[in-house]
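Before any comments, here is the structure.
The values are calculated or read from the model by the stated rules, or taken from the named source; none is laboratory data. Please read all numbers here as calculations on a predicted model, not as lab measurements. Methodologically, a virtual Cβ is constructed for each residue, glycine included, from the backbone with ideal geometry; neighbour enumeration extends over all protein chains shown.
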Amino acid sequence: MKHIVITGSTRGIGFGLAEAFLNLDCTVTISGRAQKNVDQAAAQLIEKNPPERILGAACDVRDPDQVQALWDQSKDQFNKIDIWINNAGFSGPQLAAWEMPPEEARGIIETNLLGEIYGATVAVRGMLSQGYGAIYNMEGMGSDGRMHEGLSYYGTSNAGRNYFNNILIKETKDTPLIIGTLRPGMVATDLLTKQYEDRPEDWERVKRIFNILADRVETVTPWLAEQMLNNEKHGEKISWTSRWKIMGRFLASPFSKRDVFD
């Protein structure tokens, strides 16, 4: 039975991954910044799964000491960590670069980029010590050079993630570890919708396009979980979407109406 640690997993994609791994007979450690949210998420998972297969631990990924504590607590309880997933991240409000409050900009960069760096380096050291393991780092808009006005800091953090992931893959090529990246594409979570909560007119304008491009959490996360469990290739980039899939959806959109936000 494999054990999986997922940062930022009290909701959204992270929580969906936890559910998917449990359904695949794994044990999981979920984490989030607030203990209250961790406890609520763990309680939801325990409703359908044995409690001994689930650990909930608060962790602010911006603090390397807390990330190390997350590793230690999870390793102590389950004796090993097979897969570590750096999922914690957020986009922040949709604002022009000069309009973003400095503390908000700092939070985005520190959570998305530094949080992933801290998580990966803690996991690499721990897995080298145990002699095996796989680490998967999340990427998103900006990782492939795409730009979106109003998401400058989020995109910048993902561009940094992409460089870090690529260099980490190179630096660990002669180790027993597997390092990979996850690109879930556009997923219908509050990471996507929250930026429009005070702009209902803009939401109605973009919702049609999002319904073509986006997928539900419960559609994407089981596939991602299976890909990670089956992957044996170092440097693998696991991507849910593709150019052909997107083209096909736009071509089919006049004939097939999707509503992934219902």
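Among the residues of the range 15-47 satisfying the criterion of being among the aliphatic types (A, V, I, L, M) and closer than 17 Å to Gln227 by Cα, which is surrounded by the most Cβ atoms within 10 Å (Cβ to Cβ)? Only one residue tops the list, namely Ala18. Residues that are without any contact (Cβ under 8 Å) to a residue 12 or more places away in the chain and part of a loop (DSSP other than H, G, I, E, B) within the range 168-184 comprise just one, Asp174. Remark: Glu204 matches the filter, which requires a residue to be assigned to a helix (DSSP H, G or I), farther than 21 Å from Leu24 by Cβ and modelled with pLDDT under 95.
Checking the structure you have, find out if any residue of the range 151-161 is within 17 Å of Ala120 (Cα to Cα), touching a Gly at 6+ places or on another chain (Cβ under 7 Å), surrounded by fewer than 16 Cβ atoms within 10 Å (Cβ to Cβ) and of a type outside the set (S, T, N, Q). Looking for residues that are within 17 Å of Ala120 (Cα to Cα), touching a Gly at 6+ places or on another chain (Cβ under 7 Å), surrounded by fewer than 16 Cβ atoms within 10 Å (Cβ to Cβ) and of a type outside the set (S, T, N, Q), one finds none in the range 151-161, hence no. When you check Asp82 against the structure, is it touching a His at 6+ places or on another chain (Cβ under 8 Å) and among the acidic types (Asp, Glu), yes or no? In short, yes. Of the residues making up the range 229-248, at least one is out of contact with any Pro (no Cβ under 9 Å at 6 or more places or on another chain), at pLDDT 75 or above, assigned to a helix (DSSP H, G or I) and surrounded by 12 or more Cβ atoms within 10 Å (Cβ to Cβ). For the range 118-129, does any single residue satisfy the condition of being in a loop (DSSP other than H, G, I, E, B) and either within 16 Å of Gly32 (Cα to Cα) or under 21 Å from the mean Cα position of the chain (by Cα) (or both)? So far as the range 118-129 goes, no, none of its residues is in a loop (DSSP other than H, G, I, E, B) and either within 16 Å of Gly32 (Cα to Cα) or under 21 Å from the mean Cα position of the chain (by Cα) (or both).
Of the residues making up the range 118-137, just one is more than 13 Å from Ile179 (Cα to Cα) and among the aliphatic types (A, V, I, L, M), namely Val122. Of note, Gly12 satisfies the criterion of being at pLDDT below 95 and at positive phi. Checked against (1) in contact with a Phe, Trp or Tyr (Cβ under 6 Å, 6 or more places away or on another chain); (2) on the phi > 0 side of the Ramachandran plot, Asn79 meets all criteria but (1). Tallying residues that are under 15 Å from the mean Cα position of the chain (by Cα) and of a type outside the set (S, T, N, Q) within the range 227-239 yields 3. Condition test on Leu55, is it surrounded by 19 or more Cβ atoms within 10 Å (Cβ to Cβ), touching a strand residue (DSSP E or B) at 6+ places or on another chain (Cβ under 6 Å) and either modelled with pLDDT under 95 or closer than 25 Å to Val220 by Cβ (or both)? So Leu55 fits the description; yes.
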